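Below is one structure, written out as structure tokens, with a few remarks after it.
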Amino acid sequence: VDQSAFAETVAEAAGWAAERIERPVQLLHIIDKHPERAQKNDDHSGALGIDAQEHLLTDLTATDEENSKKARERGRIFLANLQETLRHSVNVPVDIKQRFGELEHSLSEQQDTAELFVIGRRGRSAEMTQRDLGRNLERLVRALNRPVMVIPETFSRPTRALFAFDGSAIAKRGIRILASSKLLRDTPIDLVHAGASTRSTQDQLEWALNKLEKRGFNARAEIISGDPEKVIAREMNTRSANFLIMGAYSHSPLRSLFFGSKTSGLLRASRVSTLLIR
């Protein structure tokens, strides 16, 4: 969570997920380890003598320390308030952690103990840029090998989920993860394959359906021809699904740069809570 308007929504979704899978929830706040070292109106240009250089470095160090102290205190208050709010609405332990560091590296360090990551589609920077997806989202998901639940501006408890199933190794891993988890055990799930109907596709869908039904899921499967992004967006609306599951960023970052990312396209088209599998 960051200090943005989306923090409470992300915390609410994390609390719901934690109750479903019967795990404690931790609210993690990362403070940038490279805060600005000077005020914007300070001018440090020009030639400086040795004494002036030493004096300037001392001032900048003191300013850096003061800014870090203020950032820690703001973060502590922010987390404590968020923790108190969440504790009133969930029946699982709610822990908080704050640390200096880089977001991607800090989250990667949590993978050994985290079963599920919950992050917002957008963060604090998006409040100013109005981006529909945060600039760090793809990079973060690529760095993590745990499922990531991505939350939009508002969170609704899932009443029907749609799994964008393409038969890939990642999609099959998603089925195995879903089948062994309590996260969506009581939620109807539609498996939708967007594309041509082949014998191989039919067999893959049958395998996925059997996997879920053996674990007590209420699931159904369908093959629908058409462009995946358009089909999934349409079917989400037609079926009144408010939760999406899909494999994420299976192609290289370079390919995504030149040809675009299907994952990002589906996220933009659906605008609902989404479980991404890597």
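The values are calculated or read from the model by the stated rules, or taken from the named source; none is laboratory data. Given the structure is predicted, the values throughout are model-derived calculations rather than measurements. FYI the Cβ positions are ideal-geometry reconstructions off the backbone, even for glycines, and counts take in every protein chain you see. Note: accessible area is taken over every heavy atom of the protein model, side chains too, but ligands, DNA and RNA are not part of it. Shrake-Rupley method; radii C 1.70, N 1.55, O 1.52, S 1.80 Å.
Numbers at a glance
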| read-out | value |
| --- | --- |
| Count - residues of the range 177-224 that are within 29 Å of V25 (Cβ to Cβ), of a type outside the set (A, V, I, L, M, F, W, C) and touching a helix residue (DSSP H, G or I) at 6+ places or on another chain (Cβ under 7 Å) | 4 |
| Scan of the range 148-167 for residues that are open to solvent by less than 40 Å² (accessible area, probe 1.4 Å) and of a type outside the set (A, V, I, L, M, F, W, C), ordered by number | P152, P158, G167 |
| Check on L79, assigned to a helix (DSSP H, G or I) and either at pLDDT 95 or above or surrounded by 12 or more Cβ atoms within 10 Å (Cβ to Cβ) (or both) | yes |
| Selection count where residues are open to solvent by 30 Å² or more (accessible area, probe 1.4 Å) and of a type outside the set (S, T, N, Q), scope the range 189-198 | 1 |
| The range 199-228, residues that are out of contact with any strand residue (DSSP E or B) (no Cβ under 8 Å at 6 or more places or on another chain), open to solvent by 60 Å² or more (accessible area, probe 1.4 Å) and in a loop (DSSP other than H, G, I, E, B) | R215 |
| Residues being surrounded by fewer than 20 Cβ atoms within 10 Å (Cβ to Cβ) and assigned to a loop (DSSP other than H, G, I, E, B) - total across the range 168-183 | 4 |
| D186 in contact with a His (Cβ under 9 Å, 6 or more places away or on another chain), of a type outside the set (V, I, T), at pLDDT 90 or above and at negative phi | no |
| Of the criteria (1) modelled with pLDDT of 75 or more; (2) part of a loop (DSSP other than H, G, I, E, B); (3) over 26 Å from V10 (Cβ atoms), which one S89 fails | (3) |
| A241 touching a Lys or Arg at 6+ places or on another chain (Cβ under 6 Å) and within 15 Å of L266 (Cβ to Cβ) | yes |
| Residue in the range 232-273 that is modelled with the highest pLDDT, counting only those that are in a helix (DSSP H, G or I) and among the hydroxyl-bearing types (S, T, Y) | T238 |
| Residue check, R220 modelled with pLDDT of 95 or more, of a type outside the set (A, V, I, L, M, F, W, C) and more than 16 Å from the chain's Cα centre (by Cα) | yes |
| Residues (in contact with a helix residue (DSSP H, G or I) (Cβ under 7 Å, 6 or more places away or on another chain) and either closer than 23 Å to E102 by Cβ or in a loop (DSSP other than H, G, I, E, B) (or both)) located in the range 2-24 | Q3, S4, A5, A7, A11, P24 |
